[in-house]
1. Bin all alpha-carbon pair distances of region 48-128 at 5 Å intervals from 0 and give each bin's fraction as a whole percent.
2. I'd like the FRET efficiency for Leu180 and Asn22, computed as 1/(1 + (r/R0)^6) with the beta carbon distance as r and R0 of 35 Å, rounded to 0.05.
3. Using the Karplus curve 6.51 cos²θ - 1.76 cosθ + 1.60 with θ = phi - 60°, work out ³J(HN,Hα) for each residue of region 53-67 in order, rounded to whole Hz, and write x for Gly and Pro.
4. Among the GluC sites (Glu not before Pro) in region 84-186, which ones are in a DSSP loop with at most 14 other Cβ atoms within 10 Å of the Cβ? Mind listing them?
5. Please pull out the direction-averaged projected area of the chain, using the convex hull of its alpha-carbon atoms, in nm² to one decimal place.
6. Could you grab the relative contact order for the chain? Cα pairs under 8 Å, six or more apart, rounded to a whole percent.
7. Under the 0.36 nm per residue contour assumption, what length would be gained going from the current alpha-carbon distance of Phe159 and Lys118 to full extension?
8. What is the distance, in nm, between label points placed 7 Å from the Cα along the Cα-to-Cβ direction at Leu14 and at Ala91?
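The values are calculated or read from the model by the stated rules, or taken from the named source; none is laboratory data. As the structure is a computational prediction, the values presented were derived from the model and not from experiment. Cβ coordinates were reconstructed from backbone atoms using ideal geometry, including for glycine residues, and neighbour counts include every protein chain displayed. In case anyone asks, the SASA skips ligands and DNA or RNA and just uses the protein heavy atoms, side chains included. Shrake-Rupley method; radii C 1.70, N 1.55, O 1.52, S 1.80 Å.
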Amino acid sequence: MQSTSQKLTFEEYLAYDDGTDNRYELVDGELVKMPPEDRINSKIALFLLGKLLEVFPEDRLCYKDTEIEVSGSLAKTRLPDLMVLSEELVAILGDGRGTITREMPPPEMIIEVASPGKANEERDYRYKRSEYAARGIPEYWVINPSARNITVFHLEAGFYESAVYTGEMVIQSQFASLRLTADQVLNRER
């Protein structure tokens, strides 16, 4: 990930346009350019999108196209791989820019597919975990293709409790109709 040294406010970030198709997260006021995804990560995210479409209407799902403002000492947004929105949030977002601000209700679920490397794992398992808990997101998944596991975080009294799923273990979600094993999610052709 490449970042800029210029500090932006949340409002400046929303107005920012560098004339490219680059995707950014805002981390402590700095633009952080998101690198291209590994092919396996994209395949996993697309597989899950298909499975989520079997459970939810299309307008409740976001696939790498909606950012969420999270708490931090300076302005901060994240651009999750997948999100499940509440019906209330869908009505508020409408068809404008896909930005969920702190004044809006949280998504019901966020899914991230972790890229290899210590910095990426630290971001997904540590920083996003605390940011998403503070934001009140009831369920957060981190899918780790390298480690071949899926960690599911459920919000309990303001903190995440976690469970790790591997192999044929059925992932326990707040959405009972979303019945998948870790292998079903991870076994995408490389």
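1. Values per bin, smallest distances first: 3, 14, 25, 24, 18, 11, 4, 1.
2. Details: r = 32 Å, r/R0 = 0.92.
The computed FRET efficiency comes out at 0.60.
3. Couplings: 5, 6, 10, 10, x, 3, 5, 8, 10, 10, 10, 6, 10, 10, 9 Hz.
4. Details: sites: Glu87, Glu88, Glu103, Glu108, Glu112, Glu121, Glu122, Glu131, Glu139, Glu156, Glu161, Glu168; in loops: Glu103, Glu108, Glu168.
Passing sites in region 84-186 are Glu103, Glu168.
5. Working: hull surface 43.1 nm².
That works out to 10.8 nm².
6. Worked out over the chain, it gives 16 percent.
7. On the way: separation 41, 0.36 × 41 = 14.76 nm, distance 2.32 nm.
Taking 0.36 nm per residue and subtracting the Cα distance, the gain is 12.4 nm.
8. My value for the distance between the label points is 2.1 nm.
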